[in-house]
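Every number in this text was worked out from the coordinates using simple rules, so none of it is lab data. None of these values were measured; they are calculated from a predicted model. Reconstructed Cβ throughout: ideal geometry from the backbone, glycine too, with neighbour counts over all protein chains shown.
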Amino acid sequence: MGLKVYIGCFGSGLGHASRMLEVASELTKRGDVVEFSSSGEVAGLIGRSGYKCNLLPLADVKYTDSGGFSVKQTLASTPALISRTYRQVALESSNIIRFGPSVVLSDSALPTLLASRLVRVPAFTVLNQLNLGGSGDGDGPAMRLLSFGTSTAMGRLWELSREVFLPDLPPPYTISERNLWGSNVAKTKYVGFLGVSGRAEPDLAAVEFASDKRPKVFWQVSGPPGTRSAMVKRALEFSRSLARRYAIVVTGGSPSSGHEASRFAGGWFYGWCAIPEFYFGAADIVVSRAGHGTICQAIMARKPSLLVPIPNQPEQEGNAEKAERLGISKRLEQDALTPEAVEASFEELLGGRSRVMVNKLAHFASSFDAKKEILRELEGAVI
């Protein structure tokens, strides 16, 4: 008899859903039954991928108008976040009881984990952030308060999992080093990158991009909705000035937008790109935020990257700093983005060292099989 797996995805940032959809695909291929839960546009993406997804109220941090993480606004909204979290736990308890899963898998979704314990169903967690710490302007008293509350209290809650899977490489190559190392969470296991696969056919824009003789740049805007517009605006503006030398495709990262590419003065633009794997493979350079999933995808495609972390977002700042230290990426702060700085970064990334380092890391990463490891543990929980 096959497994019944209930998967809860954190509802902010599409990377959680992307990697869980990969796990779900493997499960359904084997005849297992899968049901999801999430919030907002993440739930919409899961539903459009053909899975039942229970909608939960979104409980997320706050962002400024310029797309940066706001510590003060997040702390001010804490009572509302706590209320929504309690509501999520109640809804998830009902959802899990109704579905009757063999096992629960949570990707950064703490309410799903708590609900699984309340109804006595074994649960596992996929997580690439155990610590929350600041840097730069965000590292003030407010951030220290938020960091203490998150790392200390939530660390104990994640341990309610049978095991916490870390979708990253072990030291010294851990991309989420700042967000994982030194945590107080036990029962963790590095399983390697949880890669995203894609088999969509290339469209006209993709064919033209791949055949262009200029160096090719895939500028993928991602992240929570409130962080994207400022980045999209700069990507389109800079692409116009860089198009004399580079072939550029920009994607706005909004799954509710159209999937058709449109031409603009700097290249091609997608509101939502359904074939990112093609562009990761065809590009010479990837430009993106510093989300964990995107960095991992660039590594597996053996492409150096220019990373622009969400301002004052500790997870992304840590990811970008480590990727730059490994020699596979260049990091630029959003406020430092100029056409000149971007072009200088491109020139450096096109040099030999970044390519050598990313190839080395990709080779090591290919020795892991995260999906196989996670499925093996899920099966073992119900034997």
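In the range 204-365, the inverse of the mean reciprocal separation of distinct Cα atoms equals 15.4 Å; this is its Kirkwood hydrodynamic radius. Here the peptides 229-238, 344-353, 312-321 are ranked by packing, the mean other Cβ count within 10 Å, and the order with the highest first is 312-321, 229-238, 344-353. Going 7 Å from the Cα of Glu237 in the Cα-to-Cβ direction, what parts of the range 276-308 have a backbone nitrogen less than 19 Å from that spot? The answer is 287-289, 307-308. Measuring nothing but how far apart in sequence close Cα pairs (under 8 Å, 6+ apart) lie, relative to its length, the chain scores a relative contact order of 15 percent. Counting every C-alpha pair in the chain, the share spaced more than 28 angstrom apart comes to 44%.
Along the axis of the charge dipole computed for the chain (Cβ charges of +1 for Lys and Arg, -1 for Asp and Glu, origin at the Cα centre), the listed residues Gly13, Ser93, Pro111 are led at the positive end by Ser93. Annotation: the antiparallel percentage among DSSP beta bridges lying fully within the range 204-365 is about 15. Taking label positions 7 Å along the Cα-Cβ direction at both Ala274 and Arg30, the computed distance is 2.9 nm, reported to one decimal.
Rounded to the nearest 500 deg cm²/dmol, what is the calculated helix-only ellipticity per residue at 222 nm for the chain, with -39500 (n - 2.57) per DSSP H run of length n ≥ 4?
-12500 deg cm²/dmol
In a simple Cβ point-charge model (Lys, Arg +1; Asp, Glu -1; nothing else charged), the range 204-365 has a dipole of about 340 debye relative to its Cα centre.
Using Cβ point charges alone (K and R +1, D and E -1), the dipole size of the chain about the Cα centre works out to roughly 380 debye.
Can you give me the Cα centroid spacing of the range 333-383 and the range 253-303 in angstrom? Centre-to-centre (Cα) distance: 14 Å. Extension gain, Arg376 to Lys360, is 3.0 nm, computed as 0.36 nm per intervening residue step minus the present C-alpha separation.
Bridge orientation summary for the chain: considering DSSP beta bridges with both residues in this region, about 10 percent are antiparallel.
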